[in-house]
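The values are calculated or read from the model by the stated rules, or taken from the named source; none is laboratory data. Because the structure is a prediction, the values reported are computed rather than measured. Every residue, glycine as well, gets a Cβ built from its backbone with ideal geometry; the counts of neighbours run over all protein chains shown.
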C-alpha cells in the first residue's frame, strides 16, 4: 500500500466512509486473488469440515484497526485476508448485521420515551 493510499484510507476511516474503500481497483483485484487462492471456499467452514462457497474477503485484523494491512494478504506468516461465506462474515461482524437489519440507531431528539 502506498503512503498516499494509506492517508486516503485513514481519512475515510475518520469520516466513517470506509465502504468506499471496497470500490478501489486495487482492492477489487486483491479480493479476486484471495478468492481464487482459497478456491472460493469459506475458510471458516472448511476448518469445521464443511463446505460453503465464499464470496466475501474478510480482513482478519479489522480495517479500522490496521489500515496499513488493508491491501495485504499476509501479516508476516499469518493470513490477513481470508475468503468467507456470508453467514460466517455476519458471525464475525454481529454489530454490522444489526445495523443493516434495523438501520443505524440514532440518538433520540428528546429524553422522553413512549416505549
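Only one of (1) more than 14 Å from the chain's Cα centre (by Cα); (2) closer than 16 Å to residue 6 by Cα; (3) surrounded by 14 or more Cβ atoms within 10 Å (Cβ to Cβ) is not met by residue 25, so which one is it?
Just one mismatch for residue 25, condition (3).
Tell me, please, whether a residue that is in contact with a helix residue (DSSP H, G or I) (Cβ under 8 Å, 6 or more places away or on another chain), within 20 Å of residue 91 (Cβ to Cβ), surrounded by 13 or more Cβ atoms within 10 Å (Cβ to Cβ) and at pLDDT 95 or above can be found in region 32-44.
Yes, that holds for at least one residue.
Say whether the condition of being modelled with pLDDT under 90 and surrounded by 12 or more Cβ atoms within 10 Å (Cβ to Cβ) is met by at least one residue in region 72-87.
no
Going by the conditions given, is residue 52 more than 16 Å from the chain's Cα centre (by Cα), at pLDDT 95 or above and surrounded by 13 or more Cβ atoms within 10 Å (Cβ to Cβ)?
So residue 52 fits the description; yes.
Could you list all residues from region 59-85 that are farther than 19 Å from residue 5 by Cα and under 11 Å from the mean Cα position of the chain (by Cα)?
Answer for region 59-85, where residues must be farther than 19 Å from residue 5 by Cα and under 11 Å from the mean Cα position of the chain (by Cα): 60, 82, 83, 84.
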